[in-house]
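One structure is given here, and the rest of the page talks about it.
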Amino acid sequence: MDDEFAKLLRRINPPRVVIDNDACEDATLIQACSIPLSRRVDSVNKHGILLQVVQILTDLDLVIKKAYISSDGGWFMDVFNVIDQNGNKIRDQETISYIQERLESSDDLVEPSLKGLVGLVPSEEHTCIELAGRDRPGLLSEVCAVLTDLECNVVNAEIWTHNERAAAVVLITDHTMGCAIEDPKRLAAIKELLCNVLRGHSDLNSAKMTLTPPGVTHRQRRLHQIMFADRDYEKADNLICGNAHATNSRPHVIVTDCAEKDYTVITMRSKDRPKLLFDVICTLTDMQYVVFHGVVHTGRTEAYQEYYIRHMDGVPISSEAERDRVMQCLEAAIERRGTEGLELELCAEDRVGLLSDITRIFRENGLCIKRAEISTRGGKARDTFYVTDVTGSPVDHKTVDSICEQIGGGVLHVKWDINSSPKPQQESTISFLLGSFFRSRTFSSFT
């Protein structure tokens, strides 16, 4: 189907969006549905549209408690039960209007919004680089030290680690001029030194630094793509062996056939966490699969998802090798952001070398950074780190107290969690996405 023709049909017959605060007792119901003008063209089940819908809700930090997905025969109906981060219904009229406008816009479901995106090249404000290599204790500290020595300022970054691999999308500027770095010789020097750091003594072939390719890509989707290309989904048995907690907490993914309907059925059970639905749909989309029907259900701590899928060419999964690969990739997608660790939030006046100093202090005190989100707004650095000790165990509170003392009072905020630290949890949290299990394959009982 011609893309321009598909866009035209969407403009003529946009999705109908209903946002209802009365239909469900404890959540706001968002329903998007559409019926095509012609049975010849499946104008609404365009590959990637479900991902864009989920991305719009995720970027607003909404919590998806339940979801019902159905798109077949040239129509679709997606229903989401959502709440805000405090567990309340969505009552802010500005937010409701924004959701309605975005979901009903034909262009927005083809071209994503600019929030959280990378790859807008060229940019006069920053240079976007991507890093991939073997993870090790102190790696982020070494990367930040190199960038500081090269007079680069990190203004925004996101770093993930999984299965002994690390990936990052980093926005840097020249610290003197505060603008993008465009000189090819300087970029070549940055690449050479960063690759040397990423290689270390054991990753001579796969370590890489690249400029983000042209185009528009959601940053967290790009991180999934980088780690997928780095084959982080291949199991690192040494990380699981002997660790009962790691084995028990891993997601459970099953891939089966639905021969009578010519679908492949994927069921998943995992620990609930933020943005889980986005991570799963993102991975299925980038692996060229289309979700025709699906159920998402959440409880207090657990997550259940079930999807009926086919490949983009209309064929279900047909080989055992493909089945195993899909299971591995979905497990990896769930685990990448599911890293357990103590959450540390830094809020301080931004300055050149701040990130290098903070990560050095972490390294010197035996902390291992499993995931990090770095941002700078209005001259303030607002960074979040998820850390363990070098063995992957919870961080002792005495170590954290020492680090807070070194950094300075009021700068580092600790979010103690019962699963990642010996210190008791101070406040309760809500379930972020997906939980209590459907016991049978049914699309009923959605309110």
Extension gain, Glu322 back to His201 (0.36 nm per residue minus Cα-Cα distance, nm): 40.2 nm
Sequence of Asp174, Asp257 when ordered by accessible area, the most exposed leading, probe 1.4 angstrom: Asp257, Asp174
Solvent exposure, largest accessible area first (probe 1.4 Å, DNA, RNA and ligands not counted), of Arg219, Arg336, Arg231, Arg199: Arg231, Arg199, Arg219, Arg336
Added length on full extension, which subtracts the Cα-Cα distance from 0.36 nm per residue, Leu187 to Lys261: 21.4 nm
Förster radius 45 Å - calculated FRET efficiency between Thr391 and Cys179, Cβ distance, rounded to 0.05: 0.60
For region 264-336, convex hull of alpha carbons as volume per residue, Å³: 75
Relative contact order (%) - region 258-348, alpha-carbon pairs under 8 angstrom, separation at least six: 33
Restraint check, Lys275/Lys370; Lys66/Lys261; Lys275/Lys380, Cα-Cα greater than 20 Å: Lys66/Lys261; Lys275/Lys380
Local electrostatic count, Asp324, Cβ distance below 13 Å [Lys/Arg +1, Asp/Glu -1]: -1
Quarter of Cα convex hull surface for region 218-371, i.e. mean projection, nm²: 12.0
Region 151-205: relative contact order as a whole-number percent, Cα under 8 Å and 6+ apart: 25
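The values are calculated or read from the model by the stated rules, or taken from the named source; none is laboratory data. Keep in mind that this is a model prediction, so the values were computed, not measured. As a convention, Cβ positions derive from the backbone with ideal geometry for all residues, glycine included, and neighbour counts pool all protein chains shown. In case anyone asks, the SASA skips ligands and DNA or RNA and just uses the protein heavy atoms, side chains included. Shrake-Rupley method; radii C 1.70, N 1.55, O 1.52, S 1.80 Å.
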